[in-house]
Amino acid sequence: VLKLHADADAAIFVGDALVTIGDTGEEVPDVPASSEPSESADAPSAAEPAAASTVVARRPLATPRTRALARKLGVDLSMIGGSGSGGRITDDDVQRAAAGGSPPSPVAARPVGVPAATADGEVERVPITHLRKTIANAMRASKDNAAHVTHVDEADVTDLVAHYRRSKPVIEERTGVRLTLLPFFIKALVVTLEKYPIFNASVDEEQQEILFKKYYNIGVAVDTPEGLIVPVLRDADRKDMVELAAEVADKAERARSRELTLDEIRGGSCTLTNIGPLGGVFATPIINQPELAIVGLHAIKERPEVVDGEIAIRKMMYLSISFDHRYIDGAEAARFMSDMVRLVSEPMVLMARL
């Protein structure tokens, strides 16, 4: 490294020079930083490709010993998550990946802050990351602009889960793709959007026009160690379950390793967020601007229900839709959710619509 072009804790825009790398004794070229932020400076840095050869890619956090172990076992460190302090990849993480085991749950890499004293006691002052600032601005803009309302409905997904469990081993054996329940819900969402196009729209505030999208680009919220990222599954209506499952897995993994391109998080028409695996009863997701709605999937739990006059144990779940009440009426949201619930409750009806 011949020269560092920025001080510690400085804000560096996409396209600015970070370091200059060369041979020993080589003369350091004068590489000025950009005078203005690039057009994409407001986008999450997780989705930005390197802008110049002087920008160094973010290396996975691991010790030399762990890197040597990874080379020996043929494990790509950029493809696994770290369970150690600050997201550091450990020997156990590498061995687990080599054995084909599931990666550990993401561990947020929390920057080390500066201790400070307040009237109430000691605190640690930690700078807010660029990605977190971007998320905060997007959430604030959504709450400021949209009239948020959330409608919640309940679905009996006993038959869907049974169908999924029958299909999973067959599909995985034939395709090698790990099947989850999420593609079924993506397909149910697309079918429902086709019937209720206002939920697949956005608004041009300047021209005072509603843009009804003729494409179905479904955003899928991904929980990453550094914040929420929403990769977009383009033309979800034209893809089968296996294609969707493979694309979701690929983009979720690359979202967590910050390898998505900017185009892969742009252009969504409606967003789906799967909160269920994290627990809870239900939530009220915030609309992903400039879309008009976001659908939330919540935990599947066994509960006693009355079926044909008899008490039976069924697999039940809540589904929610947060929508912009400026342009969508509550009755329309209720009808939308009722139809989507019907599709996921009766998998044969869903399959017939695909």
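A Cβ-based charge dipole, computed about the Cα centre of the chain with Lys and Arg at +1 and Asp and Glu at -1, lands at about 1160 debye. Full extension of the chain between VAL281 and LYS301 gives 6.2 nm of extra length, using 0.36 nm per residue less the Cα-Cα distance. The Rg/Rh ratio of region 168-248, with both radii computed over alpha carbons and Rh defined as the Kirkwood radius, is 1.07. Using a cutoff of 8 angstrom between alpha carbon atoms and counting only pairs six or more residues apart, the relative contact order for region 145-256 works out to 22 percent. Approximating the spin labels as points 7 Å out from Cα along Cα→Cβ, the LEU2-to-LYS195 distance works out to 6.5 nm.
Taking 21 Å as the limit for the C-alpha separation, the pairs LYS168/LYS315; LYS187/LYS213; LYS213/LYS239; LYS3/LYS72 exceed it in the case of LYS3/LYS72.
Expressed per residue, the C-alpha convex hull volume of region 270-344 stands at 100 Å³.
Using the rule -39500 (n - 2.57) for each DSSP H run of four or more residues, divided by the residues of the chain, the 222 nm mean residue ellipticity is -9500 deg cm²/dmol. Applied to region 77-82, the Karplus parametrisation 6.51 cos²θ - 1.76 cosθ + 1.60 on θ = phi - 60° returns per-residue 3J(HN,Hα) values of 4, 6, 9, 10, x, x Hz, with x for Gly and Pro. Calculated accessible area for region 248-325 comes out at 46 Å² per residue, all protein chains present (probe 1.4 Å; ligands, DNA, RNA ignored). Quick one: pull the percent of accessible area on region 241-330 belonging to carbon and sulfur, 1.4 Å probe, ligands and nucleic acids left out. Accessible surface attributable to carbon and sulfur in region 241-330 totals 53 percent.
If R0 equals 25 Å, the separation of the Cβ atoms of ARG238 and ASN137 corresponds to a calculated FRET efficiency of about 0.15. The reciprocal of the average 1/r between distinct C-alpha atoms defines the Kirkwood hydrodynamic radius, which for the chain equals 23.1 Å. At an R0 of 25 angstrom, the distance between the Cβ atoms of ALA147 and SER338 translates into a FRET efficiency of 0.70.
Annotation for ARG174 and ALA10: the two label points, set 7 Å from Cα along the Cα-Cβ direction, are 5.8 nm apart.
Largest GNM mean-square fluctuation among SER78, SER320, SER257, using the chain with Cα springs under 10 Å: SER78.
Candidate cross-link partners of LYS133 among the lysines, defined by an alpha-carbon separation under 23 Å and a same-chain spacing of 8 or more, comprise LYS143, LYS251. Ranked by the mean number of other Cβ atoms within 10 Å of their residues, highest first, the peptides 224-234, 289-299 come out as 289-299, 224-234.
Largest mean-square fluctuation among GLY268, GLY309, GLY276, in a Gaussian network model of the chain whose springs join Cα atoms under 10 Å apart, belongs to GLY309.
The values are calculated or read from the model by the stated rules, or taken from the named source; none is laboratory data. Because the structure is a prediction, the values reported are computed rather than measured. Counting neighbours? That spans all protein chains shown, and the Cβs are built from the backbone with ideal geometry, glycine included. Keep in mind that these areas ignore ligands, DNA and RNA; they rest on the heavy atoms of the full protein, side chains included. Shrake-Rupley method; radii C 1.70, N 1.55, O 1.52, S 1.80 Å.
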